[in-house]
Amino acid sequence: MNAARGSLCLKNVTVAYQGIEALAEVSLTLKPGEAAALIGLSGSGKTTLLNTCNALIQPTNGAVSIDGKKFSEMSSQELRYARSRIGFIHQSLSLVPNLRVIQNVVSGRLGQRSFLGGARDLLFPSTNVVEKVYEVLDSVGIAEKIYERTDRLSGGQQQRVAIARALFQDPLILLADEPISSVDPVRAKATISLIREICKKKGLTLCVSLHNLDLAKTFFPRLIGLQDGRLIFDKATETVGANEINKLFNLPDGCIDFGPLTSKPSMLGKSLE
Amino acid sequence: MKDHLIQLYRARPKTNFVRLSLLVMALLISYTWIGGGFLSSNNSIIQRTENLERFVGELKPYELRGESFNIYSYLSWAKTMMAEKGWQAAETTLAISVAAIVLGGILGNLLAIPASRNFASNFNRDHLNLSALLLAGPARLLLIFLRTIPEYVWAFLLLSLIGPNAWPLVLALALHNAGIIGKLSAEVIENLPDQPQVSLHSTGASRLQIMLTAVLPAALARLLLFFFYRWETCVREATILGMLGIVSLGFWIQDARARNFYDEMIFFILLGALIVVIGDVISTLVRTHIRRIF
Ligand SMILES: Nc1ncnc2c1ncn2[C@@H]1O[C@H](COP(=O)(O)OP(=O)(O)O)[C@@H](O)[C@H]1O
Ligand SMILES: [Mg+2]
């Protein structure tokens, strides 16, 4: 393996949907093991940015590279391998509802398996695999649900299954797109704290998009502010000033109907969406 | 308030589409009845009644005519009919339908995979790329071809190719139903929520792996529903296609009619109906069960 493991670099990345820029000239680097929170209003481009990081979206301009290698220059084999080392926790639930928890977790590693190997893991997992899944589920606190059908679990438990799946992948980089949007506030804090702890322990590079500023400030040493697809700031949490936060969440002129929750900086600790 | 409601009711958005189509339909129906010659007939009412009486009279088993009604003699007549031709024909009919739906189901679902645009485009959320068109296009054309040719025509063509055994019927039903099942399955696969598929794609899973892991479990219930629904139709069709000369029930119906043995004909028609009902019941039970467990 290379010396650099799990570094992520975006250079002047622009993404346009039908000519409209969702991301404009964004450059940022995450060093291996670093943790950052991506904050910004709904529609500011957080999902788009994260999706360029595992090549789900190809940038219109600029380049994304993992450990110094650009996605656009990878063969499909290399791309598959790179993707298999990037865990992604999606905004909406991305599990297969009528599979068992163990099967959903196992499916995280398909990118590293042949078709038959993957099918075997899914249908007749070896003791070794089962024990690994149990371990991962234990680390997110739902080990006893291993043989449960996934859609019988609560929203918060399903979110933990999604986290377990990403961890089972044995990733170098973990990306999470608003991983707490389907969880109540108490669970939200626990979930973010859990993700953060696991990444710290395993030395994973972590980038999480959040719409809860309090949590972002509490758990992440680095904040990345996005507004209308542009990078507004990217620095250590304690150096981010109140005026920068205000600017980030100020709505554009002529758009006043959003209600006090999103426009008044004093309420920013609450949900912004 | 009442006035206001009336006002709102009067001001409701109206479309004349329904009324217009009802009118067109009424006109069409009266036109076909009057113009299509359904009303005029050479037979007088009396003649028709006589025909009907004779027909009903001949429905009584030949051997039992002249006797007074006795349920046991009817039953023993039915028993001989079953022993002579009935069991064998019923068995053949069922066997043809099962073989046909198994073959058709396998072929249809295999073709449904490339025919689904999300599979063809590698679950990329961008359903309109070139590889999708190159893969899904031909697969869809093939499915259309298979299902637009009626079973009857398939059977007729295959009969002259393969000769008079059960295979032309089996293959005819299988090909036609493969076309239907393939289209229905492809539609189901395309309309599944794509989040699980995209997220597996983003972790490097191949499209066959995605098919097995995210698509098959989510679609299985509906695929099985289609399978059993089409099996029902296959039972019916296997009966009818026997009229082409293969020894299913339809053959004996046709045979009895040709010899003017109306008693035998009605017996086999009723037997066919019974088999179809049994098929329906089994299929409904299975489908209800599938709905419950998924
Ligand atoms: N598939 C798409 N097609 C067109 N526009 C899109 C698409 N996805 C996102 N957008 C637009 O890009 C902008 C950024 O969206 P997104 O990245 O989802 O923001 P966020 O995740 O911060 O809410 C939005 O204005 C959105 O409308
Ligand atoms: Mg988003």
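Modelled spin-label separation between B:Val18 and A:Glu25, with each label point placed 7 Å from Cα along the Cα-to-Cβ direction: 5.8 nm.
Modelled this way, with points 7 Å down the Cα-to-C-beta line, the labels at B:Phe69 and A:Asn61 are 9.2 nm from one another.
The accessible-area ordering, largest first, of the residues B:His289, A:His90 stands as B:His289, A:His90, per a 1.4 angstrom probe. Computed over chain B, relative contact order equals 20 percent, with contacts defined as Cα pairs under 8 Å that lie 6+ residues apart.
With θ taken as phi - 60° and the Karplus curve 6.51 cos²θ - 1.76 cosθ + 1.60 applied, the whole-hertz 3J(HN,Hα) list for the stretch A:198-206 is 4, 5, 4, 5, 8, x, 7, 6, 10 Hz, x standing for glycine and proline.
Taking all protein chains together, A:Phe219, A:Phe115 sort by accessible area into A:Phe115, A:Phe219, largest first [probe 1.4 Å].
In whole percent, how big is the carbon plus sulfur part of the accessible area of chain B, probe 1.4 Å, protein atoms only?
Working: 11920 of 17270 Å².
Its accessible area is 69 percent carbon and sulfur atoms.
Less than 5 angstrom separates the built amide H of A:Asp234 from those of A:Gly225, all sequence-distant by 5 or more or on a different chain. Annotation: amide H-H contacts under 5 Å for A:Leu23 (H modelled 1.01 Å from N, sequence separation of 5 or more, or interchain): A:Val15. Per-residue accessible area (protein heavy atoms, 1.4 Å probe) orders B:Leu249, B:Leu133 as B:Leu133, B:Leu249, starting from the largest. Computed from phi, the 3J(HN,Hα) profile of the stretch A:214-229 under the Karplus parametrisation 6.51, -1.76, 1.60 (θ = phi - 60°) reads 4, 4, 4, 5, 5, 9, 10, x, 9, 10, 10, x, 10, 9, 6, x Hz, with x in place of Gly and Pro. Residues whose amide H falls under 5 Å from that of A:Ala35, counting only those 5 or more places apart or on a different chain, are A:Leu206, with hydrogens built in the peptide plane. What you get for chain B, charging only the Cβ of Lys and Arg (+1) and of Asp and Glu (-1), is a dipole of about 1160 debye around the Cα centre. Pairing chain B with chain A buries about 1900 Å² of accessible area. This figure sums both sides and uses a 1.4 Å probe. In the stretch A:36-79, burial by the other protein chains removes 50 Å² or more of accessible area from A:Leu56, compared with the chain on its own (1.4 Å probe, ligands and nucleic acids ignored). For the stretch A:98-124, heavy-atom accessible area (probe 1.4 Å) falls by no less than 50 Å² from the chain alone to the full protein assembly at A:Asn98, A:Leu110, A:Phe115.
Read phi for every residue in the stretch A:180-197 and hand back ³J(HN,Hα) as whole Hz from Karplus 6.51 cos²θ - 1.76 cosθ + 1.60, θ = phi - 60°, with x for Gly and Pro. Calculated HN-Hα couplings, in order: 10, 6, 10, 10, 6, x, 5, 4, 4, 4, 4, 5, 4, 4, 4, 4, 4, 4 Hz. Sorted largest first, the principal axis extents computed over the alpha-carbon atoms of the protein assembly as shown equal 109, 73, 43 Å.
Dipole check for the protein assembly as shown: with +1 at the C-beta of Lys and Arg, -1 at the C-beta of Asp and Glu, and the Cα centre as origin, the magnitude is about 900 Debye.
Accessible surface of B:Tyr31, taken over heavy atoms with a 1.4 Å probe and every protein chain present, rounds to 150 Å².
Extension gain, A:Ala242 to A:Asn128, is 36.0 nm, computed as 0.36 nm per intervening residue step minus the present C-alpha separation.
Calculated from DSSP H runs of 4 or more alone, at -39500 (n - 2.57) each and per residue, what is the 222 nm mean residue ellipticity of chain A, nearest 500? The partial results should precede the final answer.
Numbers: 10 runs with 95 residues, N = 273.
Computed ellipticity for chain A at 222 nm equals -10000 deg cm²/dmol.
At a probe radius of 1.4 angstrom, the accessible area of the protein assembly as shown per residue rounds to 53 square angstrom.
The values are calculated or read from the model by the stated rules, or taken from the named source; none is laboratory data. Since we're looking at a predicted model, the values are computed, not measured. A quick note on method: Cβ atoms are made from the backbone with ideal geometry, for glycine too, and the neighbour counts reach across all protein chains shown. Please note that ligands, DNA and RNA were not included when accessible areas were found on the heavy atoms of the full protein model with its side chains. Shrake-Rupley method; radii C 1.70, N 1.55, O 1.52, S 1.80 Å.
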